[in-house]
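Worksheet for the structure shown next.
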Amino acid sequence: MASPKKKLQGLVAATITPMTENGEINFSVIGQYVDYLVKEQGVKNIFVNGTTGEGLSLSVSERRQVAEEWVTKGKDKLDQVVIHVGALSLKESQELAQHAAEIGADGIAVIAPFFLKPWSKDVLINFLKEVAAAAPALPFYYYHIPALTGVKIRAEELLDGIQDKIPTFQGLKFSDTDLLDFGQCVDQNRQQQFAFLFGVDEQLLSALVMGATGAVGSTYNYLGRKTSQMLEAFERKDFSLALNYQSCFLVYFSHLGFGVSQTKAIMTLVSGIPMGPPRLPLQKASREFTDSVEAKLKSLDFLSFSDLKDGNLEAGS
Ligand SMILES: CC(=O)N[C@@H]([C@@H](O)[C@H](O)[C@H](O)CO)[C@@H](O)CC(=O)C(=O)O
């Protein structure tokens, strides 16, 4: 049975998988990346091999190595390392779940299989249950991202009675804009102490109002500190300041695009750590995009990107 030593809450960075220009994983910068998250962004929880990490574009062997590297480099530095182990094949998912347990990860998360899809709640639960059973000591999170999986089963429906079927179930990573569904998940499970982790960064403030207990997202890689300030403002009920933060993130970042390629470019620029290009079928962010991000970041006075250097985007790529 999973022992929730501590509830996963606050900000969780959905990690990028750094790559070299020729598409291989660049393991050499993961240690530096851990230090950057902890020291520069104050983020000590991570979500590995998810959407931002291009988990579904990696081989099983690569996913194992990436997970292992994050757990190893994060030891005594990070609080929790959750590994996304979702796959189209139940067997692969189970292998990855078992591996996550063996290497000492703190939890696993699974998306709905998205090629041959589950068409009912019960079938999806059966799939998730089989994966969870491969790591019976690890907290289990369902990763709801219907826009990408095409599996539209409402999270609220899925959560109804889920712990009877999956005893290790600890929470939901909700990457969707349907705040009614999210709010109902929170409202109908008040007794359960689940983690309700929101995954649409530009809507986080609204999700906090609906009861989110934390957030998993790509922007916390480089906006961790600023988003923590928004969370603090919300906690002390300074809603006007919290709204200012959320509006800044919206105004400055939403028009720049938030895909994985763009996230890799922005993170390279802000952190100085080379994230490299994404793997096909994604395309590297264009030079025009990176130039406009660089100009925008330099113009922001609510972010002190004092270490922003020209040319960081090219470093190591
Ligand atoms: C579709 C997508 O990639 N959504 C991101 C968000 O953090 C997203 O990048 C952000 O809200 C900006 O749009 C996360 O929900 C995904 C995530 O946490 C992950 O990498 O698994």
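Comparison of Ser240, Ser271 shows that the only residue that is buried (at least 20 other Cβ atoms within 10 Å of the Cβ), among the hydroxyl-bearing types (Ser, Thr, Tyr) and modelled with pLDDT of 90 or more is Ser271.
Listed by position, the strands (runs of 3 or more DSSP E) contained in the stretch 168-240 that have at least 3 residues being under 14 Å from Ala155 (Cα atoms) and small (Gly, Ala, Ser) form an empty set.
Residues in the stretch 152-167 that are in a loop (DSSP other than H, G, I, E, B) and either over 13 Å from Val110 (Cα atoms) or within 12 Å of the ligand (Cβ to nearest atom) (or both): Lys152, Ile153, Arg154, Asp160, Gly161, Pro167.
The test for being within 11 Å of the ligand (Cβ to nearest atom), surrounded by fewer than 22 Cβ atoms within 10 Å (Cβ to Cβ) and not basic (Lys, Arg) holds for Phe258.
Restricting the search to helices (runs of 4 or more DSSP H) fully inside the stretch 33-134 and requiring at least 3 residues that are within 16 Å of the ligand (Cβ to nearest atom) gives 60-74, 90-103. Scan the stretch 3-32 for residues that are within 16 Å of the ligand (Cβ to nearest atom), on the phi > 0 side of the Ramachandran plot and in a loop (DSSP other than H, G, I, E, B) and report the count. Looking only at that region, the number is 0.
When Val81 is tested against (1) over 17 Å from Ala14 (Cα atoms); (2) surrounded by 18 or more Cβ atoms within 10 Å (Cβ to Cβ), just one condition goes unmet, and that condition is (1). Is it true that some residue in the stretch 174-192 is within 13 Å of Val110 (Cα to Cα), at pLDDT 95 or above, within 16 Å of the ligand (Cβ to nearest atom) and within 20 Å of the chain's Cα centre (by Cα)? Checking the stretch 174-192: at least one residue is within 13 Å of Val110 (Cα to Cα), at pLDDT 95 or above, within 16 Å of the ligand (Cβ to nearest atom) and within 20 Å of the chain's Cα centre (by Cα). Does Ala265 satisfy the criteria of being closer than 30 Å to Phe127 by Cβ, under 20 Å from the mean Cα position of the chain (by Cα) and either in a loop (DSSP other than H, G, I, E, B) or within 16 Å of the ligand (Cβ to nearest atom) (or both)? Against the criterion (closer than 30 Å to Phe127 by Cβ, under 20 Å from the mean Cα position of the chain (by Cα) and either in a loop (DSSP other than H, G, I, E, B) or within 16 Å of the ligand (Cβ to nearest atom) (or both)), Ala265 does not qualify. Under 8 Å by Cβ, and 6 or more places apart or on different chains, what pairs join a residue from the stretch 289-310 that is among the small types (Gly, Ala, Ser) with one that is outside any loop (DSSP other than H, G, I, E, B) and at pLDDT below 75? Sorted first by the residue in the stretch 289-310, then by its partner, the pairs are Ser292/Leu256.
Do we have any residue at all in the stretch 217-227 that's touching a Phe, Trp or Tyr at 6+ places or on another chain (Cβ under 8 Å), surrounded by fewer than 23 Cβ atoms within 10 Å (Cβ to Cβ) and either more than 27 Å from Cys248 (Cβ to Cβ) or of a type outside the set (Lys, Arg) (or both)? So far as the stretch 217-227 goes, no, none of its residues is touching a Phe, Trp or Tyr at 6+ places or on another chain (Cβ under 8 Å), surrounded by fewer than 23 Cβ atoms within 10 Å (Cβ to Cβ) and either more than 27 Å from Cys248 (Cβ to Cβ) or of a type outside the set (Lys, Arg) (or both). Quick check: anything in the stretch 198-211 within 22 Å of Lys129 (Cα to Cα), crowded, with 19+ Cβ neighbours inside 10 Å, under 21 Å from the mean Cα position of the chain (by Cα) and not aromatic (Phe, Trp, Tyr)? Checked against the condition, which is being within 22 Å of Lys129 (Cα to Cα), crowded, with 19+ Cβ neighbours inside 10 Å, under 21 Å from the mean Cα position of the chain (by Cα) and not aromatic (Phe, Trp, Tyr), the stretch 198-211 yields no hits at all.
The values are calculated or read from the model by the stated rules, or taken from the named source; none is laboratory data. Computed from a prediction, not measured in an experiment: that's the story for all the values here. In this analysis, Cβ positions are derived from the backbone assuming ideal geometry, glycine residues included, and neighbour counts consider all displayed protein chains.
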